[in-house]
């Protein structure tokens, strides 16, 4: 009977030490739930408005066998292969 009491105290102290980390983990999961489970993203701005469409433009062109030299979709057209931000090569 005396062996069960120190084991129970040890378990109590162990769970007491984990309360804060487990609480932080739960709060983090609640905060990031849309990103983790609903497929939403955290970024916006340049990544979503510039780089993602440029990558899609490159993927579509490479899929049909073309290396895009020019992107006609931005303003009146811009060089694509020479743009260091697109990295087509």
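The values are calculated or read from the model by the stated rules, or taken from the named source; none is laboratory data. Values in this document were obtained by computation on a predicted structure and should not be read as measured data. So basically every Cβ, Gly included, is an ideal-geometry build from the backbone, and we count neighbours across all protein chains shown.
Checking residue 10 against (1) over 20 Å from the mean Cα position of the chain (by Cα); (2) surrounded by 11 or more Cβ atoms within 10 Å (Cβ to Cβ); (3) at pLDDT below 85, only one condition comes out false. Which one?
(2)
So in region 29-65, with the set limited to residues that are part of a loop (DSSP other than H, G, I, E, B) and surrounded by 10 or more Cβ atoms within 10 Å (Cβ to Cβ), which one is modelled with the highest pLDDT? Walk me through it before giving the result.
Our first condition is that a residue be part of a loop (DSSP other than H, G, I, E, B); within region 29-65, this holds for 32, 38-45, 64-65.
Okay, now just the ones that are also surrounded by 10 or more Cβ atoms within 10 Å (Cβ to Cβ), so 32, 40-41.
On the way: 32: 89, 40: 77, 41: 73.
Among those residues, the one meeting the criterion is 32.
Looking at region 34-52, I want the residues that are more than 17 Å from residue 85 (Cα to Cα) and have a partner that is outside any loop (DSSP other than H, G, I, E, B) with Cβ atoms under 9 Å, at least 6 apart or on another chain. Which pairs are those?
36/29; 40/34; 41/35; 41/47; 41/48; 42/35
Can you tell me which residues in region 66-89 are touching a residue at least 24 places away in the same chain (Cβ under 8 Å), out of contact with any strand residue (DSSP E or B) (no Cβ under 9 Å at 6 or more places or on another chain) and surrounded by 10 or more Cβ atoms within 10 Å (Cβ to Cβ)?
Correct list: 88 only.
Residue check: is residue 73 touching a helix residue (DSSP H, G or I) at 6+ places or on another chain (Cβ under 9 Å) and at pLDDT 90 or above? Outline the logic, then answer.
Values: touching a helix residue (DSSP H, G or I) at 6+ places or on another chain (Cβ under 9 Å): yes; at pLDDT 90 or above: no.
When the stated conditions are applied, residue 73 does not pass them.
Out of region 73-82, which residues are in a loop (DSSP other than H, G, I, E, B) and over 13 Å from residue 53 (Cβ atoms)?
75, 76, 77, 81, 82
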